[in-house]
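Taking it in order: structure first as structure tokens, then the write-up.
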Amino acid sequence: MPAFVYVPLPCIAAILITAASGLIPFGVMADLINYDLAEFIILIVTCAICVLVDGAVGLMVGGIVSILRTAIKTSIAPCVDTRMSDEGTVLIVAYHGQISYVNALQAEKVAQDQIMS
């Protein structure tokens with residue numbers, strides 16, 4: 001590539017910045033602001049760390065923070081509503097939220113507490 005030896009570094013930097021700015025998903029970022037602000041903040045922090053520190057460090061920090069946030073969200077038991085059926089013979093237990101293996105015991109305990117009260 002001897003032709004690029006004589007191209008000034010600022011010109012190469014301008015080409016790289018122009019190409020990289022085309023990779024930024026502005027539409028996804030706008031949707032993320034409206035849908036989940038915390039995930040948008042994680043995205044911005046990850047991008048900042050990738051640019052200012054190191055790409056690998058930024059991706060690791062962003063991935064770990066996102067995984068921890070998801071683990072905390074799924075560990076919280078869902079809201080439980082209990083009511084009797086119209087005939088008064090069946091107890092209806094309704095969960096409002098996600099039930100997974102992480103929060104199943106806590107959700108069961110909340111439902112039993114609702115039933116006993």
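The values are calculated or read from the model by the stated rules, or taken from the named source; none is laboratory data. In this text the structure is predicted, and so the values were computed from the model without any measurement. Cβ atoms come from the backbone with ideal geometry, glycine included; neighbour counts cover every protein chain shown.
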For this session: Test TYR95 against the criterion of being among the aromatic types (Phe, Trp, Tyr), out of contact with any strand residue (DSSP E or B) (no Cβ under 9 Å at 6 or more places or on another chain) and farther than 19 Å from ASP36 by Cβ, and give yes or no.
Result: no
Seminar exercise, completed: How many residues of segment 66-117 are part of a loop (DSSP other than H, G, I, E, B) and either loosely packed, with under 12 Cβ neighbours inside 10 Å or without any contact (Cβ under 8 Å) to a residue 12 or more places away in the chain (or both)? The answer is 9
For this session: Filter segment 22-65 down to residues that are surrounded by 11 or more Cβ atoms within 10 Å (Cβ to Cβ), at pLDDT below 90 and not in a helix (DSSP H, G or I), then give me how many there are.
Result: 1
